[in-house]
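The values are calculated or read from the model by the stated rules, or taken from the named source; none is laboratory data. On a predicted model such as this, the values are computed, not experimentally measured, just so you know. Note: ideal-geometry Cβ built from the backbone for every residue, glycine included; neighbour counts use all protein chains shown.
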Amino acid sequence: MQRFVDLAELGTPEVQELLALARRLEQHPEPQALAGKVLGLLFLNPSLRTLASFQSGMARLGGSSFVITPGQGSWQLETREGVVMNGAAAEHIREGLPVLASYCDALGIRAFAEGKDLASDLADRQFGAMAALVDRPLVNLESAINHPCQALADWKTLDELPGAGRRRFVLSWAMHPRALPLAVPAAIVHMAAMRGMEVIVLRPDGFALPPAIMERARAAAAVSGGSVSETTDRESALAGAHVLYAKEWGSTAHYGDAEADLEARRELGHWCVRPDWFARSAPDCRVMHCLPVRRNSAIADEVLDGPRSLVLRQAYNRLPAQMAVLHRLLKS
Amino acid sequence: MQRFVDLAELGTPEVQELLALARRLEQHPEPQALAGKVLGLLFLNPSLRTLASFQSGMARLGGSSFVITPGQGSWQLETREGVVMNGAAAEHIREGLPVLASYCDALGIRAFAEGKDLASDLADRQFGAMAALVDRPLVNLESAINHPCQALADWKTLDELPGAGRRRFVLSWAMHPRALPLAVPAAIVHMAAMRGMEVIVLRPDGFALPPAIMERARAAAAVSGGSVSETTDRESALAGAHVLYAKEWGSTAHYGDAEADLEARRELGHWCVRPDWFARSAPDCRVMHCLPVRRNSAIADEVLDGPRSLVLRQAYNRLPAQMAVLHRLLKS
Amino acid sequence: MQRFVDLAELGTPEVQELLALARRLEQHPEPQALAGKVLGLLFLNPSLRTLASFQSGMARLGGSSFVITPGQGSWQLETREGVVMNGAAAEHIREGLPVLASYCDALGIRAFAEGKDLASDLADRQFGAMAALVDRPLVNLESAINHPCQALADWKTLDELPGAGRRRFVLSWAMHPRALPLAVPAAIVHMAAMRGMEVIVLRPDGFALPPAIMERARAAAAVSGGSVSETTDRESALAGAHVLYAKEWGSTAHYGDAEADLEARRELGHWCVRPDWFARSAPDCRVMHCLPVRRNSAIADEVLDGPRSLVLRQAYNRLPAQMAVLHRLLKS
């Protein structure tokens, strides 16, 4: 494995090998596996799980890491090509990225969507430009349109459920005070399709996932024997659901227009996952979320604090899943 | 030892064992004792000594650490229960804390007093709420009303003085441009009482320590054979004093009222520890302070730079004292 | 070696030993050389290369490091003597520095020029005041007037060029939106002179390096057999040049006067290193820069992305050069 930027680059057998390795490392720690190795972590956006779990995971494998946060102790980074740099950014990624890469054995990069141009974000243009500058094993810590570390950890969490095989998986839009990126919904719908699940995307009008994301998931389902559909009807979506994965994202009908997005979500306060969603037809449905979650906006306290919730297990699984990734990328 | 959040939870014999271990680690380093162990450090407030010494101490014992600073590279944390999270905080402690705990072998938390509701701060409600979410060994890096790491290091510093037994210990209020929390004075008056010292709290009117703090210290003195009293009279307090511990804190008569607090301290500029405090009746009195200290506001340059000062030794002792704590919490 | 704060303190033979050690560590890693050692890194100013490479270098030698950034998770530091501290800074360097030193085996400090008083900056008064408070091996991570880590890495980069001996070295002023400090030009002109090069400082009127810097470089050239001159004439400077080192700095004729500096640089947009600078008389001239560089302000894209550029190699060389420094300072 040369890099970990998209589950689709790996294919299911390699994902399963990674998860087997993750389970093995949980059972049989290898505290010297990455002795002397250094992981660089570049965060253009905030983080808690990724920031903590990569540092911890690297340490548990005997390696080290350093964190660079442009604008907080480090120079702001310019990403545009050909620009005359006379503004706030003192350093261009064309220098910053290769330089950081030259100090480490693998580099992780977090760069959220700019949220202005949907085509550019769907093509993951900014992450791609950065990745092209790195001649080391690369880890996607969440890009405009992907979050493979989350997808891998969630796959592991699903594997741990009883009857982990073909199951009804609902990705539901959830309320948030403002637009969030498409990275997690795109990664998760694709992951669930790769796993061969019956995937239903449940979202209000104006919040459909872009066709490119849906088609990519359908292609994965065609290989795995799963399916991918979408609906605005909560009751039909939840009927018989085994897993509801709640996630907030911006209005795709008004991508990049913060005001129109706010207007579009104004009446959507009922898209907060509550116990009564499950009462009738999905009594055993589990609830997933990638965190951070805004309580009582996206998911109600009673759900997060109740037995349906898998969110802490998902977060925990980031650690062994990513340790497997690091092990595969860096173990000589 | 399951956690280190309050010297009172330990009792004197266990404190003395910790200090013996601290001295042993100074003499006989154990650079592999915590190999493979990871300490998480969550700072909701600024730090220099705690931030540096815990990272260094963990490294000197062969372990690793990571630092999370909400609002600086990590999400702001919500602490209120039951709230609809539609404000600035993206993550609730109910997720953030257990998640961080799941990535490490022990977790340290710094959360200063909110400084609004005295009863809430005295009960250490915020720290208690966070501690309840952590299923790992926990270290109090300074809470609303406690700072056991400082107290332990100061105990060690006192032990290093000639005639370390029963001695006259004055905790004196000192000037600061604005109100500071009660954590250090509460921890220090209790520590000195536990050590069996003759403790005098010297402070202006309006700045008496709350009865709950004084009573807790008196209970400790009753066990140790020490005593605890308070006064506004500097001359009588300092007569024969062996140690003056200077500390700034807010007006308890106006707790949570910044304006009234400022007014209360307006004429208190003479509460800056100066050489003439000691001239008459306490010529050999040593001066302690937990740092950071505002020079020439709380303590004059001549005192800090002179032979009375123990402040650098106190700060240094944070390292071995905390290494002993980590060793006890994490060494298998 | 007791500290690494200025190449001039070392002399050429010791520099050459450091560079030999750097090359040896590149060939034969010593992943346990600094096991158990802790490096403290205090950054009063932003960094990317220094911040990442020191952490990585320490880890590759088996040691650990911690980073303190006053104002970002740590207290703001006061540097003035005798002041009444009733402003924003909560901690004085007279406590902060010795305390940090007591937690580590070596301390690195970055403190850029204040840029107000030229005499004070030339004397490196602030760094000197901090250095005097540290009783540990000390590394200058860039002070008001020096950047020995950059100079050492650049020396190594020059050594790697074909015919590394006596060569024509042009330090050229380059455009920047505002005044930058003199640390790098001062360190580089001195380094090139120490290496016995024919050094030409090329700069517009009003941007001459201060006499103290030029004299110091000439003294080094007198020992090494090199030479140091200065000019405003680009064509004569570049004729036959082997290396052009581009660097931005503030107007020395208007030191500390931001408005006059802006006015002085208003017509200097042509001081952006472009391919046509080399076409006539320096076809094989290589281009160096310490980074970060503002593309198309100081150096054009075509130059940075072309075969003349050494900037990534310079940045990479920070790692082995500094590992040699750490090895010499800390290996017992």
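At-a-glance table
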{"read-out": "C:GLU248 away from chain A (no Cβ under 12 Å) and either within 21 Å of A:GLU78 (Cα to Cα) or surrounded by fewer than 23 Cβ atoms within 10 Å (Cβ to Cβ) (or both)", "value": "no"}
{"read-out": "Residue count for the range C:63-78, restricted to those that are in contact with a strand residue (DSSP E or B) (Cβ under 8 Å, 6 or more places away or on another chain) and more than 7 Å from chain B (Cβ to nearest Cβ)", "value": "8"}
{"read-out": "Some residue of the range B:166-189 being modelled with pLDDT under 95 and touching a His at 6+ places or on another chain (Cβ under 9 Å)", "value": "yes"}
{"read-out": "Flag if C:SER236 is without any contact (Cβ under 8 Å) to a residue 12 or more places away in the chain and either at positive phi or touching a strand residue (DSSP E or B) at 6+ places or on another chain (Cβ under 9 Å) (or both)", "value": "yes"}
{"read-out": "Lone qualifier among A:ARG60, A:ARG94, A:ARG110, A:ARG3 - being within 12 Å of another protein chain (Cβ to nearest Cβ), charged (D, E, K, R) and under 20 Å from the mean Cα position of the chain (by Cα)", "value": "A:ARG110"}
{"read-out": "Every pair of residues 6+ apart whose Cβ atoms lie under 7 Å, when the first sits in the range B:125-142 and is assigned by TED's automatic domain parsing to the domain that holds B:VAL325 and among the aromatic types (Phe, Trp, Tyr) while the second is assigned to a loop (DSSP other than H, G, I, E, B) and surrounded by 21 or more Cβ atoms within 10 Å (Cβ to Cβ)", "value": "B:PHE127/B:ALA111; B:PHE127/B:SER143; B:PHE127/B:ALA144"}
{"read-out": "Given (1) under 16 Å from the mean Cα position of the chain (by Cα); (2) hydroxyl-bearing (Ser, Thr, Tyr); (3) over 27 Å from B:ARG265 (Cα atoms), index of the condition B:SER102 fails", "value": "(1)"}
{"read-out": "Criterion violated by C:SER53 - all others in (1) touching a strand residue (DSSP E or B) at 6+ places or on another chain (Cβ under 7 Å); (2) within 16 Å of C:LEU141 (Cβ to Cβ) satisfied", "value": "(1)"}
{"read-out": "Qualifying residue in the range C:293-303 (condition: surrounded by fewer than 20 Cβ atoms within 10 Å (Cβ to Cβ) and of a type in the set (D, E, K, R))", "value": "yes"}
{"read-out": "Whichever residue in the range B:118-145 is within 20 Å of B:LEU39 (Cα to Cα) and charged (D, E, K, R) and, among such residues, is surrounded by the fewest Cβ atoms within 10 Å (Cβ to Cβ)", "value": "B:ASP135"}
{"read-out": "Qualifying residue in the range B:80-88 (condition: within 26 Å of the chain's Cα centre (by Cα) and not in a loop (DSSP other than H, G, I, E, B))", "value": "no"}
{"read-out": "Hits in the range B:73-112 - residues which are in contact with a Pro (Cβ under 9 Å, 6 or more places away or on another chain), surrounded by fewer than 23 Cβ atoms within 10 Å (Cβ to Cβ) and free of Cβ contacts under 8 Å to residues at least 24 places away in the same chain", "value": "B:GLY73, B:TRP75, B:GLN76, B:MET85, B:ASN86, B:GLY87, B:ALA89, B:ALA90"}
{"read-out": "Answer residue from the range C:33-53, given it is within 9 Å of chain A (Cβ to nearest Cβ) and closer than 16 Å to A:GLY63 by Cα and is surrounded by the most Cβ atoms within 10 Å (Cβ to Cβ) among those", "value": "C:SER53"}
